[in-house]
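Below is one structure, written out as C-alpha cells; comments come after it.
The values are calculated or read from the model by the stated rules, or taken from the named source; none is laboratory data. Please read these numbers as outputs of a predicted model, since none were measured by experiment. Neighbour counts are summed over all protein chains in view; Cβ atoms, including those assigned to glycine, are modelled from backbone coordinates with ideal geometry.
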C-alpha cells in the first residue's frame, strides 16, 4: 500500500472523531487606514447576517464612525453565555486573534519577509465591510460577533455584538460550474439554476499536471482530487476560497501550473458549501491558441463529476 493511500484511509477512519479546528478570525488585510486616529468613543457597530447556507455565513458590518473592530465566527459552546461575560469573552477572542497574528508574523520573518502589516491592519476591520465565513459544518450552531478594539492598548472597547446562527443541513445554493481555457488564460464561472453568475458562492479550485499525478503514484486522478477536497474541509483556513468569476493568467501564480505545449492537465473545482458538496474535474491537453469551454452539466466534458 503506498503512502498516499494509507494516509487517505487513516484520514477517513479518523474523520468521524476528528476535532474540527475552525479558524474563527479573519486574518486577511482589511480596509484599514493606519494613519487614522484610534477612535473608540461614541462608536456603535451594526452587524447584519445576510446569508446562511450549509458551510458559509455572509455578514455585513458598518460603524457609526470609522473605528477598528474585530469580527469572528466560532462554534457555540454549550453552557457558555457570552453576553453575561462580555469583557472576558472579548478579551479571550482578542488574545486568540493576536496569537494567530504573532504566529503569522513569525513565519514571515523566518522566511525573510520584513515588510509585515501591524496587528490592526492585519487582523482588524476598519469601516464598512462584508465578509464570508467559510469552512463551517452543516446543521451546527455558531456565534457571529463583532466588537470595537483599541489597538494601542490591545483592549476591547464597548459592548459585544453577537448573534447565534444555525447553518443549513444542506446547501441552499443550486450551483454548477463552467470552466473555460482560452490560450494562456482560464476562467471559472459559478452559475445558478438560471445560468447567471452567482458571485456569493464559495468554491476552491486547483490545476495539476497529469504527469506529476502519475509520478506521485496516486491510484487515480479522481482519488487525488477527492483527498484534496477532504483536506480543504479539514483545514478551511488554509484553503484559498474564491467567489464569482475567477480569471487567471496561467503563469504559475497561486495553485495553478503554467500550461505547456502538448501536456495534459486536470482542473478541479469544488463547491465549498458543505463537505463534499460537489466536485468537477476537467481534463484537457493544452496547445497554443487552444480554446475549451466545459460545462459540468455535460458529463462528456468531465473527467469526474460527483455530488457527495
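Side notes on the structure shown:
Per-residue answers, yes or no, for (1) in contact with a strand residue (DSSP E or B) (Cβ under 8 Å, 6 or more places away or on another chain); (2) in the same structural domain as residue 296 (by TED's automatic domain parsing); (3) farther than 20 Å from residue 54 by Cβ:
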| residue | (1), (2), (3) |
| --- | --- |
| 155 | yes, no, yes |
| 186 | yes, yes, yes |
| 194 | no, yes, yes |
| 224 | yes, yes, yes |
| 243 | yes, yes, no |
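Every residue, every condition in (1) outside the structural domain of residue 73 (by TED's automatic domain parsing); (2) buried (at least 21 other Cβ atoms within 10 Å of the Cβ); (3) closer than 20 Å to residue 50 by Cβ; (4) out of contact with any helix residue (DSSP H, G or I) (no Cβ under 6 Å at 6 or more places or on another chain), yes or no:
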site	(1), (2), (3), (4)
121	no, no, no, yes
159	no, no, no, yes
162	no, no, yes, no
182	yes, no, no, yes
210	yes, no, no, yes
235	yes, no, no, yes
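- Of the residues making up the range 111-136, those that are part of a loop (DSSP other than H, G, I, E, B) and over 16 Å from the mean Cα position of the chain (by Cα) are 111, 112, 113, 114, 115, 116, 117, 118, 124, 127, 128.
- Residue among 69, 61 that is in the same structural domain as residue 155 (by TED's automatic domain parsing), modelled with pLDDT of 65 or more, surrounded by fewer than 20 Cβ atoms within 10 Å (Cβ to Cβ) and out of contact with any helix residue (DSSP H, G or I) (no Cβ under 6 Å at 6 or more places or on another chain): 61
- Checked against (1) more than 30 Å from residue 76 (Cβ to Cβ); (2) buried (at least 20 other Cβ atoms within 10 Å of the Cβ); (3) at pLDDT 90 or above, residue 186 passes all but condition (3).
- Qualifying strands (runs of 3 or more DSSP E) (wholly inside the range 190-308; at least 1 residues being modelled with pLDDT under 85 and under 29 Å from residue 130 (Cα atoms)): 246-249, 279-285
- Residues that are more than 19 Å from residue 238 (Cα to Cα) and at pLDDT 90 or above do occur in the range 94-104, at least one of them.
- Screening residue 93 against (1) under 17 Å from residue 142 (Cα atoms); (2) part of a helix (DSSP H, G or I); (3) over 21 Å from the mean Cα position of the chain (by Cα) leaves a single unmet condition, (3).
- Residue 149 meets all of the listed conditions (1) assigned to a strand (DSSP E or B); (2) under 21 Å from the mean Cα position of the chain (by Cα) but one, namely (2).
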